[in-house]
1. Check the range 187-205 and report whether any residue there is touching a residue at least 24 places away in the same chain (Cβ under 8 Å) and at positive phi.
2. Do we have any residue at all in the range 39-46 that's under 19 Å from the mean Cα position of the chain (by Cα) and over 26 Å from residue 127 (Cβ atoms)?
3. Only residues that are within 18 Å of residue 177 (Cβ to Cβ), small (Gly, Ala, Ser) and part of a helix (DSSP H, G or I): list them for the range 111-132, please.
4. For the range 200-221, name all the residues that are modelled with pLDDT under 95 and assigned to a loop (DSSP other than H, G, I, E, B).
5. Determine, yes or no, whether residue 40 is modelled with pLDDT under 95 and not hydroxyl-bearing (Ser, Thr, Tyr).
6. Kindly indicate which of 57, 14, 20 is within 23 Å of residue 112 (Cα to Cα) and either open to solvent by 70 Å² or more (accessible area, probe 1.4 Å) or touching a strand residue (DSSP E or B) at 6+ places or on another chain (Cβ under 6 Å) (or both).
7. Out of 61, 84, 8, report the one residue that is without any contact (Cβ under 8 Å) to a residue 12 or more places away in the chain and farther than 23 Å from residue 131 by Cβ.
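The values are calculated or read from the model by the stated rules, or taken from the named source; none is laboratory data. If you're wondering where the values come from, they're calculated on a predicted model, not measured in any experiment. Using ideal geometry, Cβ is built from the backbone for each residue, glycine included, and neighbour counts are taken over all protein chains shown. Just so you know, the surface numbers come from the protein's heavy atoms only, side chains and all, with ligands and any DNA or RNA stripped out. Shrake-Rupley method; radii C 1.70, N 1.55, O 1.52, S 1.80 Å.
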Amino acid sequence: ETLLNMLKTEKSADGKLVHDETDISFVIQALGKIGRPGLAKAGMETAILDEITSKLDAKSKAERNVKRSATIALGQLAPACDLKTQKTIVTMTLKRVINDTEDNQERHFALIALGRIGATPGVEKDTRTDCIKVLNYYLDKGKNLTPPFAAMGLGLIGRQMNIANEAPDEEMIRKPLRDRFAEKGEARARGAYAVASGLAHDSKAVAAMIEILGNSKSDPK
């Protein structure tokens, strides 16, 4: 409750900021790590989630680092939310952030948040499928470091599907990750694709990884 009040109290009576961008960013991070969407009071069950989501509203004037922290926090809070709220976070907030933001870091954090939500035990299949489709799109069409972040999101979902004894989708998770790794692009990106394939327990990715390990000309890191 103390952290929530800090988040809501932006200005004092004289109009001066009570907490600056850094303060608010760390408050949001703390609330995300606690992982509770609200308070144990009537009408406050989603108060924390609502306040953090408001920082990502299309009309929000929140600073860049505040929005980044809020994006990360949604992926931490969503697993404790009901199924309908999880779906709303994906469709109404994260997908819009990914599509509209001009800040690549915010987009990357939103992609990881999608992965965390899609990997939530018991998440609705439609919600998980929606997450997979968005991640797959940015794995294929994203620029610079966006595909590696999308890959890690897919890896998180694939890992949870294995834990739940559900085979990860071959065409939407495993094969796209293998294909990106096979393109032999930038080393850091390939590293993300390899890790994601490992998370998804893709045995078909093993041969290509062994080949890289035995190649003295490949990236030494």
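1. So far as the range 187-205 goes, yes, one or more of its residues are touching a residue at least 24 places away in the same chain (Cβ under 8 Å) and at positive phi.
2. First, pick out the residues of the range 39-46 that are under 19 Å from the mean Cα position of the chain (by Cα): none.
Checking the range 39-46: not a single residue is under 19 Å from the mean Cα position of the chain (by Cα) and over 26 Å from residue 127 (Cβ atoms).
3. Scanning the range 111-132 gives 115, 118.
4. 214, 215, 216, 217, 218, 219, 220, 221
5. On the way: modelled with pLDDT under 95: yes; not hydroxyl-bearing (Ser, Thr, Tyr): yes.
Judged against the criteria, residue 40 is a match.
6. 57
7. 61
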